[in-house]
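Here the structure comes first, spelled out in structure tokens, and everything after it is commentary.
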Amino acid sequence: MDITIVTLFPEMFAGPFNYSILKRAQDQQIITIRYVNIRDFAVNPYRSVDDQPYGGGVGMILRVDIVQKAIAHARTLVHTRPGKSKVILLDPKGPVFTQRTAARLSKLGHIILVCGHYEGFDERIREFADEEISVGNYILTGGEIPAMCVVDSVVRLLPGVLKKPEAVAHESFSGSPKQLEYPQYTRPRTYKQKTVPDILLSGNHKAIDAWKKRMSNELTETRRPTRKK
């Protein structure tokens with residue numbers, strides 16, 4: 001998979017993407033991550049990319065002409081079959097990102113993530129994106145951290161990234177219905193008078209599976225209750 005991140009701050013990604021699973025995925029050439037600096041498409045010597053909003057308002061707005069040129073350039077970096085590439089605007093107004101979204105994006109060949117900053121985008125920028133994503137109902141200073149979340153969530157679903165690929169089948173929000181994962185324990189068996197449930201030490205795999213299913217159901221109902229009409 002190819003991932004291109006359109007951003008004002010490419011250097012922000014150096015730490016998170018240079019360790020652990022994401023680093024291994026790059027080293028094994030399962031993914032390639034590229035960066036497009038929005039400032040490279042600025043129209044003045046000061047490399048400014050924003051301007052004051054028409055009609056007044058607080059803060060500065062990213063210009064549509066500059067960001068559109070950055071997106072257009074990002075599209076040329078990788079050539080994929082029609083429908084296998086998407087430009088995704090990271091914006092709090094978009095649909096909330098879910099595990100199902102991550103699974104869908106993991107089937108693509110090229111993902112272009114566009115990171116906003118300052119007060120936001122010129123509204124016309126949305127016309128040059130294929131979809132929008134929000135990582136939650138809260139505001140961050142820019143789209144860089146949401147981009148990291150999306151990349152991490154998508155990449156770990158790609159074949160060959162995790163050493164035990166079956167692990168993703170039993171995680172929270174995976175499978176159907178979308179359940180939270182059951183509690184898990186390891187050594188020591190007792191710590192500060194807190195003990196591992198006896199059923200997990202019984203060796204009775206049928207009973208253990210039933211316990212896991214029951215606990216998953218209880219956690220989901222308690223922490224993600226279904227709204228009743």
Quiz item: How about region 119-145: which of its residues are surrounded by 20 or more Cβ atoms within 10 Å (Cβ to Cβ) and more than 13 Å from PRO92 (Cβ to Cβ)?
Solution: ILE125, ALA129, GLU144
Practice problem: Please state which of the following conditions ALA210 fails to meet, knowing it meets all the rest: (1) over 30 Å from MET12 (Cβ atoms); (2) at pLDDT below 95; (3) surrounded by fewer than 16 Cβ atoms within 10 Å (Cβ to Cβ). | Solution: (2)
Quiz item: Inside region 100-146, can you point out the residues that are at pLDDT 95 or above, in a loop (DSSP other than H, G, I, E, B) and under 11 Å from VAL6 (Cβ atoms)?
Solution: ALA129, GLY143
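Residues to consider are ASN18, ASN37; find the one that is under 30 Å from LYS163 (Cα atoms) and without any contact (Cβ under 8 Å) to a residue 40 or more places away in the chain. Walk me through it before giving the result.
On the way: ASN37 fails: under 30 Å from LYS163 (Cα atoms).
Exactly one of ASN18, ASN37 is under 30 Å from LYS163 (Cα atoms) and without any contact (Cβ under 8 Å) to a residue 40 or more places away in the chain, namely ASN18.
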Quiz item: Regarding PHE13, is this residue among the aromatic types (Phe, Trp, Tyr) and within 30 Å of LYS164 (Cβ to Cβ)?
Solution: yes
Exercise. Among the residues of region 194-221, write down those that are of a type outside the set (A, V, I, L, M, F, W, C), outside any helix (DSSP H, G or I) and farther than 25 Å from LYS178 by Cβ.
Key: LYS194, THR195, SER202, GLY203, ASN204
Exercise. Could you please give the count of residues in region 23-59 that are among the hydroxyl-bearing types (Ser, Thr, Tyr) and closer than 17 Å to SER106 by Cα?
Key: 1
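Which ones in region 84-141 are polar (S, T, N, Q) and in contact with a helix residue (DSSP H, G or I) (Cβ under 8 Å, 6 or more places away or on another chain)?
Looking only at region 84-141, we keep the residues that are polar (S, T, N, Q), and these are 85, 98-99, 101, 106, 134, 137, 141.
SER85, GLN99, SER106, SER134, listed by residue number.
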Quiz item: Within region 58-70, is there a residue that is surrounded by 14 or more Cβ atoms within 10 Å (Cβ to Cβ), among the small types (Gly, Ala, Ser) and over 24 Å from the mean Cα position of the chain (by Cα)?
Solution: no
Practice problem: Kindly provide the set of residues from region 44-60 that are out of contact with any helix residue (DSSP H, G or I) (no Cβ under 7 Å at 6 or more places or on another chain) and either within 22 Å of LEU162 (Cα to Cα) or of a type in the set (A, V, I, L, M) (or both), ordered by number. | Solution: VAL58, MET60
Quiz item: Within region 47-56, can one find any residue that is at pLDDT 95 or above, surrounded by 14 or more Cβ atoms within 10 Å (Cβ to Cβ) and in contact with a Ser or Thr (Cβ under 6 Å, 6 or more places away or on another chain)?
Solution: no
Self-check item: Pairs where the first residue, in region 177-193, is among the charged types (D, E, K, R) and the second is surrounded by fewer than 10 Cβ atoms within 10 Å (Cβ to Cβ) and at pLDDT below 95, C-beta under 8 Å, 6+ apart
Solution: none
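The values are calculated or read from the model by the stated rules, or taken from the named source; none is laboratory data. These figures come from a predicted structure and were not determined experimentally. Methodologically, a virtual Cβ is constructed for each residue, glycine included, from the backbone with ideal geometry; neighbour enumeration extends over all protein chains shown.
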